[in-house]
Amino acid sequence: MKTVQIIFIIALLALTAGIGVRMFNQWQTEQTPMPLPEFSFPDLNGMSHSSTEWNGKIIVLNFWATWCPSCLKEIPEFMALQTQYGEKVQFVGIALDDLEAVKTFQQKTAVNYPLLISGDWAGFQLAKKLGNLISAIPYTVVVNSAGQVVYHHSGELSASELQAVIAPLGF
């Protein structure tokens, strides 16, 4: 009898967890668009860049760090997409890292889109405003050309998944 009860409890917990994950994933992709909050961070040369700089373009904000393997795996695919869609889409990397680590990474990788340095606190605060309730990285946000956040994703995001999001926005 105890074995049946334990199996029942485990099954109930698994079902509850599954429902929770499903609801969280739906919430991420089905929420009402919200305006991109204005922000400003310096680039690798200390020059400040504001979110308004890319008004009128589709913006892909990617919160990342040099110590995050999943983040580093995404970057080459994002670079290829930046090259492919450069006229209409602007990728922006927001590094939750220190300046020297990002400079060293940029020297090796030559990322073809702006890398902004937010440090830890300010970057995570912005990501939280944009729906990153669990402070995960990588964390990617897509903003349509009207300045509305239309998609966000916690964890690694493939080029094909991202193309499926940005294609309906103007391609």
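For the reader, a short list of remarks on this structure follows.
- Any hit, segment 135-147, residues being on the phi > 0 side of the Ramachandran plot and in contact with a helix residue (DSSP H, G or I) (Cβ under 6 Å, 6 or more places away or on another chain): yes
- Taken over segment 34-56, residues that are in contact (Cβ under 8 Å) with a residue 12 or more places away in the chain and more than 17 Å from the chain's Cα centre (by Cα) amount to 8.
- Considering residues of segment 137-171 that are of a type in the set (A, V, I, L, M) and within 9 Å of the chain's Cα centre (by Cα) only, the residue farthest from Ser48 (Cα to Cα): Leu157
- Restricting segment 78-116 to residues that are surrounded by fewer than 16 Cβ atoms within 10 Å (Cβ to Cβ) and acidic (Asp, Glu) leaves a set whose member that is farthest from Gly56 (Cα to Cα) is Glu100.
- The listed residue being in the same structural domain as Ser50 (by TED's automatic domain parsing), at positive phi and modelled with pLDDT of 95 or more, out of Ala80, Ala110: Ala110
- Verdict on Gly131 being on the phi > 0 side of the Ramachandran plot, assigned by TED's automatic domain parsing to the domain that holds Phe78, at pLDDT below 95 and surrounded by 15 or more Cβ atoms within 10 Å (Cβ to Cβ): yes
- Within segment 85-105, the set of residues being polar (S, T, N, Q) and over 24 Å from Ser160 (Cα atoms) comprises just one member, Thr104.
The values are calculated or read from the model by the stated rules, or taken from the named source; none is laboratory data. The model shown is predicted, which means the values in this text are computed figures rather than measured ones. Note that each Cβ is placed from the backbone with ideal geometry, even for glycine, and that neighbours are counted across all protein chains shown.
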